[in-house]
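The values are calculated or read from the model by the stated rules, or taken from the named source; none is laboratory data. On a predicted model such as this, the values are computed, not experimentally measured, just so you know. Here the Cβ positions follow ideal geometry from the backbone for every residue, glycine too, while neighbour counts run over all protein chains shown.
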Amino acid sequence: MWTGYAGPGWAWLKKPLTVSLTFELLPQRRKERRKTVSSRFRKLSHTIWRCQYHVVWVPKYRFRILRGAVKDAVEAGIQAICGYAGREVVELNVQPDPVHLVVMVPPKKSISDLLGRRKGQTSMRIFQQFRALRRKPDWGNHFWTKGCCVDTVGLDADRIRKYVRYQEKQEQQVEQLQLGS
């Protein structure tokens, strides 16, 4: 507090200043800003988005190995990685050979980052849990193939989710028809 003389118009400086702050103007927390705008769209601070991708990938040499405990470990790994990275799993179908995933990825994140994490971390987890898989001939330290298929989901999202959900049933029907012929 200043106590010196500043002239006749400055007498208010001798009084202590009190400042009242209102916290209504402070920005909301990040989680509160991410509220859903509607069931289809998500919201960030300056963006309303709906970026869905349909991703398909297979184990190395298309080994039909994703059954039982290995299938459960892959599903749990994908769910954990997507949850940790801020991606939302819309549909997930782990079949003995391919894996189908429909995922929502924010526009500020890259789909290639998600795919790299998914392949690397799930393969490390699987090789730690199932050490016998590493001994397969020509397997090496790679569980997944190098490539994958990525497609954007547009207005026909329901059709693609149904395709992902029922793809395994359709494959089994085709195999039964081929065996019967």
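Computed quantities for the displayed model
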| item | result |
| --- | --- |
| Residue, farthest from residue 47 (Cα to Cα), within region 100-149, restricted to residues that are of a type in the set (Val, Ile, Thr) and not in a strand (DSSP E or B) | 126 |
| Selected residue (criterion: farthest from residue 59 (Cα to Cα)) from residues of region 150-181 that are assigned to a helix (DSSP H, G or I) and of a type in the set (Gly, Ala, Ser) | 180 |
| Residues of region 77-129 satisfying the condition of being exposed (fewer than 13 other Cβ atoms within 10 Å of the Cβ) and under 13 Å from the mean Cα position of the chain (by Cα) | 79, 83, 84, 107, 108, 110, 112, 113, 116 |
| Test result for residue 97, touching a strand residue (DSSP E or B) at 6+ places or on another chain (Cβ under 9 Å), part of a loop (DSSP other than H, G, I, E, B) and modelled with pLDDT of 80 or more | yes |
| Subset of region 37-94 [in a strand (DSSP E or B) and acidic (Asp, Glu)] | 88, 91 |
| Residue pairs meeting the criteria (Cβ under 8 Å; at least 6 apart or on separate chains; first over 10 Å from residue 136 (Cβ atoms), in region 55-68; second at pLDDT below 90 and basic (Lys, Arg)) | 57/119 |
| The listed residue being more than 26 Å from residue 133 (Cβ to Cβ), surrounded by 12 or more Cβ atoms within 10 Å (Cβ to Cβ) and not polar (S, T, N, Q), out of 44, 66 | 44 |
| Cross-chain or 6+ apart pairs with Cβ under 9 Å, region 113-131 first and over 14 Å from residue 141 (Cα atoms), then among the basic types (Lys, Arg) and surrounded by 14 or more Cβ atoms within 10 Å (Cβ to Cβ) | 114/87 |
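Residue-by-condition table, conditions (1) closer than 22 Å to residue 170 by Cα; (2) among the hydrophobic types (A, V, I, L, M, F, W, C); (3) at pLDDT 85 or above:
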site: 55; (1), (2), (3): yes, yes, yes
site: 58; (1), (2), (3): yes, yes, yes
site: 68; (1), (2), (3): yes, no, yes
site: 72; (1), (2), (3): yes, no, yes
site: 106; (1), (2), (3): no, no, yes
site: 113; (1), (2), (3): no, no, yes
site: 124; (1), (2), (3): no, yes, yes
site: 139; (1), (2), (3): no, yes, no
